[in-house]
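Read the structure below first, then the notes.
Read-outs throughout are calculated quantities, based only on the coordinates presented, and are distinct from any laboratory measurement. All figures in this text were calculated on a predicted structure; none of them were measured in a lab. Here the Cβ is made from the backbone with ideal geometry for all residues, glycine too, and neighbour counts use every protein chain on show.
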Amino acid sequence: MSESARIADQLRRAFDGDAWHGDSLFEILKGVTAAQAAARPVTSAHTIWELVLHIAAWDGAALRRLGGAKVDLADAENFPAVLDVSDPAWHKATAQVRHVHEELVAAVAGLPDSRLFEVVPGKQGAHYTFYYMLHGVVQHELYHAGQIALLKKASR
């Protein structure tokens, strides 16, 4: 198995399941309602919904960077505002994060290992490689999955 395929597998496990550490992001999101996703049980923390959109934003940024784009997210892109808290909007948000993530996994699975140690394009010249960034995406998703798990418990 190539290193890119191993990283794609870790991305998939962090998101969809069968991870060593426990529940993946979508296992944690199972059963979360729009009302729970929009709730702010911790006043100074982001909502589940905001975290889901944030994960989608950074998965998308990583995907575009793999394509050669210089991507830096503005604050409004980093944590997009949730303007519609309806059930259909929540289903759309979860479908969006799943779609972007699946595109990222597919791109990483097909990435030649030789590209892993290329420097990520950035507006001021990034100082890290695709290898570092992609492992960071896995860590990022699991970090926020933990936050979402706690918010889910607090919003019951």
note = Relative to the chain, whose Cα atoms define the longest principal axis, helix 87-109 and its Cα axis are tilted in degrees, nearest 10, by 20
Count, lysine Cα pairs under 24 Å in the chain, 8 or more residues apart or across chains = 6
request  = Within region 106-156, report the chymotrypsin sites (Phe, Trp or Tyr not before Pro) that DSSP leaves as loop and that have at most 12 other Cβ atoms within 10 Å.
outcome  = Phe117, Tyr128
ask   = In nm, what is the difference between 0.36 nm times the number of residues separating Arg156 and Arg115 and their Cα-Cα distance?
value = 10.3 nm
query = Between Asp87 and Tyr132, what length in nm is gained on full extension when 0.36 nm per residue of separation is reduced by their alpha carbon distance?
reply = 12.6 nm
ask   = Using the C-alpha atoms of region 1-65, what convex hull volume per residue, in cubic angstrom, is computed?
value = 109
query = Rounded to the nearest 500, what is the chain's calculated 222 nm mean residue ellipticity when only DSSP H runs of at least 4 contribute -39500 (n - 2.57) each, over all residues?
reply = -19500 deg cm²/dmol
ask   = Glu77 versus His99, label points 7 Å from Cα toward the beta carbon: distance in nm?
value = 1.8
note = Note on the chain: contact order normalised by length, alpha-carbon pairs under 8 Å, 6 or more apart, percent, works out to 36
query = In region 50-133, which GluC sites (Glu not before Pro) fall in coil by DSSP and have 16 or fewer other Cβ atoms within 10 Å?
reply = Glu118
task = Find the Rg to Rh ratio for region 2-139, where Rh is the Kirkwood radius over alpha-carbon pairs and Rg uses the same atoms.
result = 0.99
